[in-house]
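Since the structure comes first, as structure tokens, the remarks are kept for the end.
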Amino acid sequence: MKVDIEQYEVCFPKFPYGSIISNRSMAEANESVPSNKTIDQPWIGNASHHLPDCLIIGVRKGGTRAVQHFLSMNPKVVTNNIELNFFGSDDQYAKGLEWYLNQMPPAEPGQVLIEKTADYFQAWKAPERIHKMNSSIKMILVVRDPIERLISDYHFLQRYAERKNVSDFFLETKFSLEDLLVNSENGHIRCDYGGLYRSKYSRFFVNWLEWFDLQQIHVVNGDGLVNDNPATVLRPVERFLGLPSYASERDFYYEKDKGFWCLKASGCLGDEKGHKLPPLRPDVMKKVQAFLKPFNEEFYNLTGINFGWK
Ligand code: A3P
């Protein structure tokens, strides 16, 4: 069923208000990846720099770090540790492909090199630029219930602003999430709030499908990383990448206090990943659910996956 989204679309702002931080700051905001073989190992032998074979393109706060980190257990996977936002930022892109290449960790023949920048997904020029680099590249998109995502995004931006002492520049430190989402005077959804904008997945996905076949983008259900053993999510990703399966349920344990899955070998992702967050006020929740519903349905149609978000 094709959803007529235009009737619901109040606005699709080019520059949504709130929550915009620069590409490099965002990279810094994501704490460095916990140590693992791909990042700290001194490279010897046949390793060389090459452009990525695969990109993790988003969504921001979808669980991209968990997917990247868990995947990098596989000896055939090499990943970057800092988000470069090369394809998403004009400034970064202006540095040129050779600069980008030089940022890549060396990879040995047979290893899959993955670059992750969670903000690629909503960057309008990213698909075209990536296509220009490699039109047959594989991509991984980690999505999550879009309301959970925006709650996580809001709290992340609050923590970021406080840590960097830049609270004055962030609406997230001045207003409750409810006030950012709904105008309390007239009860209307504030559709130009950045957090909500980034949760309209279908709006961005159509742009990716302008440039790439659906088969090139493996969509991961990020909720599955929390509700199930992550190995169940990782195995199809390994298949998509043409890798022998490495992930096993035995590699993970559920850390009750944190409420997330962690690796037996190296523990949990750091403090910046995995929070218990307050839910939205029920009246606001209802409005946001109604607002996002057509976008969710369009996203199900585009991906062929019904995520069952409320
Ligand atoms: P919160 O920190 O708000 O809970 P990303 O890496 O794309 O920024 O996504 C971060 C989110 O990944 C976290 O948001 C958390 O909900 C989710 N996540 C999924 N699995 C996780 C895990 N095993 N450990 C920590 N966070 C995990």
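The values are calculated or read from the model by the stated rules, or taken from the named source; none is laboratory data. Worth saying up front: this structure is predicted, and the values here are computed from it rather than measured. Glycine gets a Cβ as well: all are built from the backbone with ideal geometry, and neighbour counts include every protein chain shown.
Which residue is nearest to the ligand (Cβ to nearest atom), if the candidates are limited to the stretch 129-158 and must be more than 15 Å from residue 200 (Cβ to Cβ) and touching a strand residue (DSSP E or B) at 6+ places or on another chain (Cβ under 9 Å)?
That would be 142.
Using beta carbons and a limit of 6 Å, which pairs, at least six apart or on different chains, have the first residue in the stretch 182-197 and more than 16 Å from residue 286 (Cα to Cα) and the second one surrounded by fewer than 16 Cβ atoms within 10 Å (Cβ to Cβ)? Pairs found: 192/11; 192/13; 192/17.
Scan the stretch 282-303 residue by residue and report those that are of a type outside the set (Ser, Thr, Tyr) and touching a strand residue (DSSP E or B) at 6+ places or on another chain (Cβ under 9 Å). Listed by number, the residues that qualify are 283, 284, 287, 288, 290, 291, 299.
Set side by side, the residues 189, 137, 147, 114 differ, and just one is at pLDDT 95 or above and over 22 Å from the mean Cα position of the chain (by Cα), which is 189.
Only one entry of 156, 175 meets the criterion of being closer than 25 Å to residue 283 by Cα and part of a loop (DSSP other than H, G, I, E, B), and that entry is 175.
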